[in-house]
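Some notes on the structure that comes next.
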Amino acid sequence: MSLTRAMVVAAGGAAGAACRWFLDESLGPTDWPWMLLLINVVGSFLLGLVLVRGASPGRELLRLGAGVGFCGGLTTFSSFAVAAVRLVDDGRSESAAAFVAASIVLGAVASLICYFAVAKLKPAFGYDDALDAFGIHGIGGMVGAIGTGIVYQPVFGGPGDGSVSMGSQVGIQIIAVLVSIVWAAVGTTIAIFIAKALTGLRVGPETEHDGLDISEHGERAYN
């Protein structure tokens, strides 16, 4: 990646993280995760807008800055940063550093598992996942969700108060993952039937052979 592209992504990420912090401070603590819902809805809307408006050739920097940078900073990169900053505000700088370090370790572990899923699991089972959505987002999301029950504990510098044991919290996270799998499966099934009725589930053989980047978007995704 060139220096210009890296700077655009970094600037977008910083803006997204700042927006995340502003929204979090505006809503404050709530009994129901309204912030999580708001962040995902706004992030998904912005990403869709970027994909539509930025699909034309010559708008690569827009896609990088807004799609990768801003949306990434808004929805993902700043997730543990908000909790870490609150720990610093509470005078727990060492806990904040430990929490960030534990989160980085969890991310590294999730990356290795995702690599295994993409490089080994997909060829072994032969399922069709051209963009590796399951291997990266699905598997990575499961590992991250379950691992959150570990890094959230005070012993690892997490912002938890210790009222729930690590084992109990991990169990809660596993249940949440299973519920999410069922929810996603039902929603995906409904979306498949709708897409099949409206546009069909797959492009033609010639279009697939040429590649969707050329046939659908008019540009080459990988040079």
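Each of 59, 202, 92 was scored by other Cβ atoms within 10 Å of its Cβ. Arranged with the fewest first, they read 202, 59, 92. Residues 156, 125 in ascending order of nearby Cβ atoms (within 10 Å, fewest first): 125, 156. Residues 127, 115 in ascending order of nearby Cβ atoms (within 10 Å, fewest first): 127, 115. Relative to the dominant Cα principal axis of the chain, helix 166-198 is inclined by about 20°. With respect to the chain, whose longest principal axis is taken over its alpha-carbon atoms, helix 3-27 is tilted by about 50°. Take the Kirkwood radius over Cα pairs of the chain, plug it into Stokes-Einstein at 37 °C and 0.692 mPa s, and you get 164 µm²/s for translational diffusion.
Relative to the longest principal axis of the chain, what angle (0 to 90°, nearest 10) does the C-alpha long axis of helix 93-116 take? Tilt of helix 93-116: around 30 degrees. Let me know the shape class of segment 85-176, please: from the alpha-carbon gyration tensor, a ≥ b ≥ c as square roots of the eigenvalues, rounded when a/c is under 1.5, otherwise prolate if a/b is greater than b/c, or oblate. It comes out prolate by the Cα gyration axes.
A short reminder: the numbers here are calculations on the coordinates, not readings from a lab. Small disclaimer: the values here were computed from a predicted structure and weren't measured. All Cβ positions, glycine included, derive from the backbone under ideal geometry; neighbour counts span all protein chains shown.
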